[in-house]
Each structure stands twice: as structure tokens, then as C-alpha cells.
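Colleague: One structure is given below, represented as C-alpha cells, and several questions about it will come after.
The values are calculated or read from the model by the stated rules, or taken from the named source; none is laboratory data. Computed from a predicted model, the values in this text were never measured in an experiment. Backbone-built Cβ (ideal geometry, glycine too); neighbour counts: all protein chains shown. With ligands, DNA and RNA removed, areas are computed over all heavy atoms of the protein, side chains included. Shrake-Rupley method; radii C 1.70, N 1.55, O 1.52, S 1.80 Å.
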Amino acid sequence: MHKNAECLFEADIYRLKGELLLKQATPSEPEAAGCFHQALDTACRQQAKSLELRAATSLARLWQRQGKRAEARELLAQVYGWFTEGFDTADLQEANALLEELV
């Protein structure tokens, strides 16, 4: 049971590692980006759309800071577009707010 739960949240673990790398005294953006990409790949493989949205939001926020606004918007808009309900959830509201900043 423990192993299955660990696999279930593997994508979010990678994402959180990336977030922590960005909060260090000396942030490691390349390493954080790698974690976000790993989170995206894992969530996609698991067909975990909500975890994919979280990873895409984190990577898009990093890209926004790096001046890659168009890439950030394209990635996040693609993932956000999959959702047809649940727009009152914190994850979708956060993604929508970031999309609006990236216009």
C-alpha cells in the first residue's frame, strides 16, 4: 500500500523538490526546471491531470521569471484547456491567474 501511495504522488514530489530548490539561499533554476519536467512527465504517464496542472503551473512560473512568457503561456494554456469543471479549485484558480499575468 505504501509503495502505491508513493507512486501516486511521485509527480508532486518532483514538483515540490523543484519548488524547494527555488527557495534556497542560492536557487538552482536549472535543477528546479528539471524537477518540474520530471513531474510533468510522471503526471502525464500516470494520466494525473491535476498533478500535471500543478507541475505546469510551477514550470510556467519559473519560465515567466526567466522571460519565457510565450512558452509559459503555451504550456499552461494547453494543460488548463483539458479541464471542463472544477474551476473553483485552488489549482485551477492559480493557473488561471498566472495565465492572465502571461497575456
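Colleague: Net charge near Leu62: determine it from the other residues with C-beta under 10 Å of the C-beta of Leu62, scoring Lys and Arg +1 and Asp and Glu -1.
Modeller: +1
Colleague: Leaving out ligands, DNA and RNA, and with a 1.4 Å probe, what % of the accessible surface on the chain is carbon or sulfur?
Modeller: Heavy-atom surface of the chain belonging to carbon and sulfur, 1.4 Å probe: 54 percent.
Colleague: Same structure again: Over the chain, give the accessible area per residue in Å² for a 1.4 Å probe, as an integer.
Modeller: Computed with neighbouring chains in place, this is 61 Å² per residue.
Colleague: Using a 7 Å offset from the Cα along the Cα-to-Cβ direction at both Lys17 and Ala90, what is the distance between the two label points in nm, to one decimal?
Modeller: Distance between label points: 2.3 nm.
Colleague: Between beta-carbons, use under 13 Å as the cut-off and find the net charge around Ala32, counting Lys and Arg +1, Asp and Glu -1.
Modeller: Net local charge, Ala32 excluded: +2.
Colleague: Classify the chain as rounded, prolate or oblate, taking a ≥ b ≥ c as the square roots of the eigenvalues of its Cα gyration tensor: rounded when a/c is under 1.5, otherwise prolate if a/b is larger than b/c and oblate if not.
Modeller: oblate
Colleague: Follow-up. On full extension of the chain, what length is gained from Glu71 through Phe83, given 0.36 nm per residue of separation minus the C-alpha to C-alpha distance?
Modeller: Between Glu71 and Phe83, full extension yields 2.3 nm more.
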